[in-house]
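Quick notes on the structure that follows.
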Amino acid sequence: MQDPEVPLYPHYRYVCIVNTTSTSCFIHTFGCQMNQADTEIVTSILQDAGYARTSREESASIILLNSCAVRENAVDRIGNFLQQLKGRKRRQKGLVIGVIGCVPQFEREAFFSAYPFVDFVAGPDTYRALPSMIGSAFGGQRIASLEYDHREIYSGIEPVREGRISTFLPVMRGCNNHCAFCVVPVTRGRERSVPLRSVVDEVSKLATSGFREVTLLGQNVNSYRDSSGSADFAALLDAVSLAAPQLRIRFTTSHPKDISEDLVRVIAERPNLCNHIHLPVQSGSTRMLELMKRGHTRDEYLRRIGMILRHIPDAAITTDLIAGFCTETEADHRDTLSLMKEVRFDASFMFYYSVRPGTWADRNLEDDVPEAVKKARLQEIIELQNVISQERYRGEVGNVVEVLAETESKRSSLQLMGRTGTNRAVVFDRGRFNPGDLVSVKITDATSATLSGTPVDAE
Ligand code: SF4
């Protein structure tokens, strides 16, 4: 039921209330790359309205939490963060606190009622209205903007990009898949794609402005379809790789049922398309995949992997895995372990199942796998993945790989950290190189997550 105290802010009414250069905003960003890209869009919208962005939270008069709802602990993190801000709000008269992104979109008015000191909440489709919402909040009004807009792609807004070397570029938003455990279709709405022409123009602009790498983003990026309906994701990758041959191009996240041979062929043919594909499988058991509504079987997944490796023998494939989904048996779990041994993923994001309220699984299935069993199975998956990653990474020792230097290493300013085309992290002696350089590095050592080496020209 709609809370009468909280008027629903009409979508798209973009009223610039008051903007003073002194009103600065600090944004905490939680969750996925799409949230990071959204923070860059939100920063642009606020700066255009005259709000300054500050990197010092203590000097901010507006604090935004760009939230993630993908798992229970992500939502708890926002709650804990807000409890800390509650005290600050009491001490700092006039401080405006806003929560944007997936948590308010998912929990809606219940979330807003639970945190009466939060001035406004805004869902991922309503960021154009943020300046007027902030203005109203300074006027003492509490606002919730949680409408969906299945056309919104934030066209015409130039993101204020964090980095100078590597950046994200959303090419589509939303997801139509409705996997049984997932909140994304609820938090991000239906799929919509950015026109191919706009993506190509943006990628060309990034290349000429000095970026070395771009990651094309989408919740289910390979169901991209240009508004003309003619161009799919393979056509988009083809176009951007030709438009900016000097730019390294990555993309995430793919869905196994939508990955086409055309797409893989384009990656194989273009040197600037990275040989890394993140292909979440979630489980190795066909029975589990059906229950998860993933839309493919174990064998179909393995056939896709075979197809990828036929075209790109040195492709690095990573995945997402869930342990302990509803009714999972020991045999289902064994299927996941055997699939991992068969595919030998370079790395995986591994979690145990946590119920997300309102999802199909929540409404129709019992969360019947005991937490201790979930944790034990997750531990087994993590241990196996570490062994496989270690073997794969160690296989690189002695090889020369091309690395895009991104930053100074956390360990020493005499070393740089970067990534290979296959998305492996490499730490190497700096020599004469700087962040942004493409460096040929001879690998001398490896752990299960990081390679280390020396620039070839230093030998
Ligand atoms: S494809 Fe991914 S984002 Fe979409 S519903 Fe499934 S798990 Fe969620």
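The values are calculated or read from the model by the stated rules, or taken from the named source; none is laboratory data. All values reported here derive from a predicted model rather than from experimental measurement. Neighbour counts run over all protein chains shown; Cβ positions are idealised from the backbone, glycine included. When the accessible area is computed, the model is the full protein with side chains, heavy atoms only, and any ligands, DNA or RNA have been set aside. Shrake-Rupley method; radii C 1.70, N 1.55, O 1.52, S 1.80 Å.
A few comments on the model shown:
- Every listed requirement among (1) farther than 29 Å from Arg188 by Cβ; (2) among the β-branched types (Val, Ile, Thr); (3) out of contact with any Gly (no Cβ under 8 Å at 6 or more places or on another chain); (4) assigned by TED's automatic domain parsing to the domain that holds Asn275 is met by Thr420 save one, (4).
- Residue-level check: of (1) closer than 19 Å to Gly189 by Cβ; (2) open to solvent by less than 40 Å² (accessible area, probe 1.4 Å), Gly31 misses just (2).
- Condition check for Asp238: more than 22 Å from Ser166 (Cβ to Cβ), more than 16 Å from the ligand (Cβ to nearest atom) and in a helix (DSSP H, G or I): no
- Against the test of being farther than 26 Å from Ala180 by Cα and open to solvent by less than 60 Å² (accessible area, probe 1.4 Å), the options Glu396, Glu383 yield a single qualifying residue, Glu396.
- Residue match in segment 219-227 (condition: in a strand (DSSP E or B) and either away from the ligand (no atom under 16 Å from the Cβ) or in the same structural domain as Thr407 (by TED's automatic domain parsing) (or both)): no
- Residues that are in the same structural domain as Leu451 (by TED's automatic domain parsing), over 27 Å from the mean Cα position of the chain (by Cα) and touching a residue at least 12 places away in the same chain (Cβ under 8 Å) are absent from segment 365-372.
- Checklist (1) basic (Lys, Arg); (2) within 16 Å of the ligand (Cβ to nearest atom); (3) touching a strand residue (DSSP E or B) at 6+ places or on another chain (Cβ under 7 Å) applied to Arg250, failing item: (2)
- The helices (runs of 4 or more DSSP H) located wholly in segment 65-141 that include 3 or more residues which are surrounded by fewer than 23 Cβ atoms within 10 Å (Cβ to Cβ) and without any contact (Cβ under 8 Å) to a residue 12 or more places away in the chain occupy 72-91.
- Residue ID - farthest from Leu217 (Cα to Cα), chosen from residues in segment 253-289 that are open to solvent by less than 20 Å² (accessible area, probe 1.4 Å) and assigned to a strand (DSSP E or B): Gln282
- Verdict on Ile312 being away from the ligand (no atom under 15 Å from the Cβ) and in contact (Cβ under 8 Å) with a residue 40 or more places away in the chain: yes
- Top-ranked residue of segment 176-217 - restricted to ones that are within 16 Å of the ligand (Cβ to nearest atom) and charged (D, E, K, R), ranked as surrounded by the most Cβ atoms within 10 Å (Cβ to Cβ): Arg188
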